[in-house]
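The values are calculated or read from the model by the stated rules, or taken from the named source; none is laboratory data. Please read these numbers as outputs of a predicted model, since none were measured by experiment. Please note: Cβ atoms are built from the backbone with ideal geometry, for glycine as well, and neighbour counts cover all protein chains shown.
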Amino acid sequence: MEGNRSTAIERRDRSPFVLRPETLAALASERIVARGIAYARAGRVEELREHGGRLEARVLGSHKEPYLVRVEHDGEELVPTCTCPFDWEPFCKHAIAVLAARAGVEAAPERPAESVRELELHVRRRRGETGGFKFRRLSGDGVVGSFEVRSPSGERYEVWVRSFADRLNRCSCLDYATSMLGTCKHIEAVLVGLTRRAKKRVAALRAGRGLPPMIVVTREDTPRIVARLGAEAEPALRRFAARWFDAEGVFRGDPVEDLPEFLAGAARFRRLVVYPDVEEFSREVAERRRMERRRDEVREWFAERQGRVPGVRAKLYPYQVEGAAFLAGAGRALLADDMGLGKTVQAIVAARALFERWEVHRTLVVCPASLKHQWASEIARFAGLDAVVVQGNREARREAFARRASFTIVNYELLLRGLDLLPALEPDLLIVDEAQRIKNWRTLTAARIKSIRTRFAFVLTGTPLENRLDDLYSILQLVSPLVLGPLWAFNEQFLVREPGSVRPAGYKNLGELRRRLRPVMLRRDRKEVLTQLPERIDARYTVSLWPEQQELMLDHEQQAAAIAARGRKRPLTPQELEQLAMHLQLARMACNAASLLDPRARKGSPKLEEFARLVEDVCVDGGQKAVVFSQFEVFQRMAAEVADRLDVGYVRLHGGVPSHKRGALIERFRDDPDCKLFFSTDAGGVGLNLQFASTVINLEYPWNPAVLEQRIGRVHRLGQKNPVHVILLVAEDSTETRIERILGAKRGLFQAAILPDASVDEVQAPQSCLSLAQVLFVDREVVEETLPAEDAAEPPEEVERAEESSSQEAGGESVSTGSRPEPSMPHAAAVESPAPDASSRPATGTAAVRPIPAARAPGGPAPADASRLPAILGSRLDRVVELADGRIVAVVDAVDEVTRTAAESHGAVAMPRAVVEPLSLLGDASPFARAKVLAEGLVTERDAEAERRREAAALAERKLRAAEAMFAAELPAEAIVAARDAMLAAVSGLTGASEPDLPAARLLFEVLVPAGRLTLEKAALVAKADGLARAYGTSSVSPPAPTARSVLEDARRIVAELQP
């Protein structure tokens, strides 16, 4: 192995991949570091080479194929990539092995850092050393003073260097303020640089010589004021300091009440330096105390008015008054009330109270797209304040923010795309609805939402914890990063890890967690506060599977079991994990109907037969309305066919069209006596008010118990006057019943961590996807598989992969209606007119362009009819512009007789977009350089969808051509990656514009296959290509040419068959 390294690597003294022992130890947990070093010493690292800022190698592990490892330096830190499935820590044992081999195994540490705190400190030191930071002095004597630090990404921070012996330095970054470590990578970068530049001076400072006596704030552990006088301090100063500081140098007075007196006395000592953060800390403490007093003042304000807030036009229940007072008083808080208790109205009332107290002038509401108009309606109804809904193109969104309305309402997706527009609003209050959208702290959505700076913040969710305690941690970070502390300390205090592993085996100290949450979180259960709410009656109906269903289900269970059994022996590859999730999902679908997986199977299913009986009982005979939930849109459609046969009216809600059609859908279900059924996917489980129904029918058991409660909460909520019947259809002795038995762990964690009256202090962790499969299938011996016992001494390190999932479709839901639409209610049937025949529209292309007509006087009035072109040409028109010389041009998708005649008859000339766009590249020489936009084209939703699909198809064609060129150039790995991209581009044309952006496997098997938009065969081909692209795309190993040729042939077929 040593020979390989010496020949394959060009040695460089300053290579970022040659790490010191303590730095290597800081990259991962003790167990991972130790195992990585053992791998390096055992000679398992092969083909190690460094080139182009990358370190690559193959590592022999427990799998028959080597793991492919790449470590890159992005200019700031090391970024590892490995084909193993481990992702609980940034570095796996294989990446550690590669770095240990690069540094020389003899340099690897025998004993890593002993505590989590030391590991965190080592990580920051390492990032400071290798991060590529640059700094310059702003003030001071060159070593002690303030410095500007610039990261490779261009961000700038200010660092104050005050000591080389203690953690008394300071940085303007968020990590320094919240980590409780007293340092950060920016501070460490400056310390390393100064030590290299002035070794003797720094050595003297470390020994306590040359530093002036100082009063500073340390943020190590609990922030506090400390004195460091040094050996050279005058006796009078020492006597003065002894009055105010204890033996350890900590200020013993009150940082608010006593600090002014101390500062007045300290002013007479000219050499004593009192840093500005001392008074800043005093102001922080004073502000926290003021907010505590304000909490009581606001609650008294509510009490004096007996819960009646001026301007609020609603009579609230006592618990709602309490909730509004809690939000308004805390200022930044989480309202986690159960579904159906009116979190929206409580937040509106609290916001109105802050308006009345002149503490808030502008509020930003961030919510799912489907709830924007519901928020606007309830603000107008309850608070009587102006509300602006942000929508449309970028210019329309800019204008919406610039209006600075009392309430500005935006959905998550639009806010992320236009966060730079937010400063125009300058909100005082941020309201985040359905905040489980930010439960994963790793996602861009969570990071962007938390970057919004407002004085007040109301966070609303009925499910603050769905899977892991990390969910709650991420949401509470928006309320206040100080409540739960830094993540490393949170994990240390509340996580129980499996012996010798980084996986959580359970959670501890939950009583302390509840104590910390009490001041900032309020949670009430419907059973506690709504004693007048009608009873809820739960019924579980089991059905037997048909033989063909049983066969399909067992087939996918066996395939999942085979993969899960391998996970007992060794870590699974990413491809195996995706296949595991796919087979679990397909086994669930088989429980609904065999025809969901096999079009040749007989139609219908026992569930549909039972559903028909329920519809007859509830709707036909009982005259009641019911809400029907299914995760799978195709199965929802099959259930709707049952309603058609029974002549029962219905509406359907699912992903795919904008949310503004939701209003007509709900109105018909509420007002039309013949509309008895409301079919919905889980998009309708969030935010809808459907209390005019009295029955909830769940066609299958959802993966997450919180989703089931959200469904029921749409009906069993405030305003419900009838008993609510909840029906769950479950296939007997099936994947569903096996899942149902073990999902109770998630409920247990929620209740133990969230409910204020809980007494449990420790719980087990919920199962991961792999563990779930092992419990479901392997432990009950669905299959018997014998595997070689390689690496038997090593416990498997597979962990649950972090999933970023949206709680609902981004842009809303589509609506279709069932039988017997009411002609007297035109809004009831939210059905679009049929799309025009493709032959009636000209093909997009470049036509001959007529000369631009003679110019009119520049700046003169535009032809009166030019403004009518958007209405006439619709989506055919991109824009109408006035050139600098006064001529009018209509930019269209293609020039034909229709667009040419329309433009000329309205004083303009038609030019195709394909000609205009290249002209814009000429800069000032272009005739369009100073063109003024007179009108924008009107793009209908259907046309926008068609255009999006055409763009996806065009992208797929370009990627396919690139793949063919790369294959011809004998670049098989690059060809596989490009072919995979071509398939994914083609498949993306099948998705709705509002559907969430998901990883490839989830998009294929959770959205497209269940919805019937993609066959199982095509999905499997795309998944196979994705796995090969990820395996070979990050490796220096070339795939066999036949493998690349096979993927390319699959790509040709899929791109051709999915053309719009």
Kindly establish whether F240 is surrounded by 15 or more Cβ atoms within 10 Å (Cβ to Cβ) and touching a residue at least 40 places away in the same chain (Cβ under 8 Å). no
Only residues that are at pLDDT below 75 and either surrounded by fewer than 16 Cβ atoms within 10 Å (Cβ to Cβ) or closer than 14 Å to A369 by Cα (or both): list them for region 660-684, please. H660, K661, R662, G663, A683, G684
Return the residues of region 537-562 that are closer than 16 Å to L596 by Cα and of a type in the set (F, W, Y); say none if nothing qualifies. W546
Scan of region 216-250 for residues that are closer than 26 Å to I187 by Cα, in a loop (DSSP other than H, G, I, E, B) and of a type in the set (A, V, I, L, M), ordered by number: L229, A231
Quick check on L341: is it farther than 30 Å from V144 by Cβ, surrounded by 16 or more Cβ atoms within 10 Å (Cβ to Cβ), in contact with a Ser or Thr (Cβ under 9 Å, 6 or more places away or on another chain) and assigned by TED's automatic domain parsing to the domain that holds A457? no
List every residue pair whose Cβ atoms sit under 8 Å apart, with the two residues 6 or more apart in sequence or on different chains, where the first one lies in region 370-393 and is of a type in the set (K, R) and the second, anywhere, is surrounded by fewer than 18 Cβ atoms within 10 Å (Cβ to Cβ). R381/R313; R381/A314
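Of all residues in region 447-459, which are hydrophobic (A, V, I, L, M, F, W, C), within 21 Å of L327 (Cβ to Cβ) and part of a helix (DSSP H, G or I)?
Here is the first cut: in region 447-459, the ones hydrophobic (A, V, I, L, M, F, W, C) are 447, 449, 452, 456-459.
Still in the list and also within 21 Å of L327 (Cβ to Cβ): 449, 452, 456-459.
I449 - this is the single residue of region 447-459 that is hydrophobic (A, V, I, L, M, F, W, C), within 21 Å of L327 (Cβ to Cβ) and part of a helix (DSSP H, G or I).
Answer with yes or no whether E77 is at pLDDT below 80 and within 25 Å of W488 (Cβ to Cβ). Spell out how you get there, then give the answer.
Details: at pLDDT below 80: yes; within 25 Å of W488 (Cβ to Cβ): yes.
It is true that E77 is at pLDDT below 80 and within 25 Å of W488 (Cβ to Cβ).
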Among the residues of region 487-522, what is the count of those that are crowded, with 17+ Cβ neighbours inside 10 Å, assigned to a loop (DSSP other than H, G, I, E, B) and modelled with pLDDT of 80 or more? 1
Being assigned to a loop (DSSP other than H, G, I, E, B), of a type in the set (A, V, I, L, M, F, W, C), over 25 Å from G485 (Cα atoms) and in contact with a Ser or Thr (Cβ under 9 Å, 6 or more places away or on another chain) narrows it down to one of L191, L168, L211, so name that one. L211
Hey, can you tell me all the residues within region 460-486 that are β-branched (V, I, T) and either surrounded by fewer than 17 Cβ atoms within 10 Å (Cβ to Cβ) or in a helix (DSSP H, G or I) (or both)? I475, V479, V483
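Taking helices (runs of 4 or more DSSP H) that fall entirely within region 554-659, which contain at least 3 residues that are surrounded by 23 or more Cβ atoms within 10 Å (Cβ to Cβ), touching an Asp or Glu at 6+ places or on another chain (Cβ under 8 Å) and at pLDDT 85 or above? First the steps, then the outcome.
Numbers: elements: 574-592, 606-615, 633-645.
Result: 574-592.
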Within 24 Å of E551 (Cβ to Cβ), touching a residue at least 60 places away in the same chain (Cβ under 8 Å) and assigned by TED's automatic domain parsing to the domain that holds R711 - does that describe any residue in region 618-629? no
Go through (1) in a helix (DSSP H, G or I); (2) at pLDDT 90 or above; (3) within 22 Å of R126 (Cβ to Cβ) for T183 and report which single condition fails. (1)
Restricting to region 902-935, and then to whatever is at pLDDT below 75 and of a type in the set (V, I, T), can you tell me which residue is farthest from V881 (Cα to Cα)? V915
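Quick one: which of F401, F326 is assigned by TED's automatic domain parsing to the domain that holds D525 and over 25 Å from the mean Cα position of the chain (by Cα)?
Values: F401 fails: over 25 Å from the mean Cα position of the chain (by Cα).
Only one candidate qualifies: F326.
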Any residue in region 245-257 that's surrounded by 11 or more Cβ atoms within 10 Å (Cβ to Cβ): show its pairings with residues that are among the polar types (S, T, N, Q) at Cβ separation under 8 Å, as long as the two are six or more apart or on different chains. P255/S282; V256/S282
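Hey, could you check region 345-404 for residues that are polar (S, T, N, Q) and not in a helix (DSSP H, G or I) and say which is surrounded by the fewest Cβ atoms within 10 Å (Cβ to Cβ)? Before you say what the answer is, go through the steps one by one.
So the first thing to find is which residues in region 345-404 are polar (S, T, N, Q), and the list is 346, 363, 370, 374, 377, 391, 393.
Next, from what is left, pick out any that are not in a helix (DSSP H, G or I): 363, 391, 393.
Values: T363: 29, Q391: 18, N393: 9.
So the residue we want is N393.
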Is it the case that region 420-440 has a residue that's modelled with pLDDT under 85, of a type in the set (D, E, K, R), touching a helix residue (DSSP H, G or I) at 6+ places or on another chain (Cβ under 9 Å) and farther than 25 Å from A324 by Cα? no
In region 159-194, how many are without any contact (Cβ under 8 Å) to a residue 40 or more places away in the chain, in contact with an Asp or Glu (Cβ under 6 Å, 6 or more places away or on another chain) and within 18 Å of R136 (Cα to Cα)? 1
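Residues checked against (1) at negative phi; (2) at pLDDT below 90:
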residue	(1), (2)
F302	yes, yes
A314	yes, yes
Y319	yes, yes
L327	yes, no
D337	yes, yes
G342	no, yes
V349	yes, no
Q374	yes, yes
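Which of the following residues is touching a helix residue (DSSP H, G or I) at 6+ places or on another chain (Cβ under 9 Å) and modelled with pLDDT of 85 or more: L749, L708, L728? Before the answer, list the steps.
Working: L749 fails: modelled with pLDDT of 85 or more; L708 fails: modelled with pLDDT of 85 or more.
None of the others qualify; the one that does is L728.
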For the structure I just gave you, tell me whether V309 is outside any helix (DSSP H, G or I) and modelled with pLDDT under 90. yes
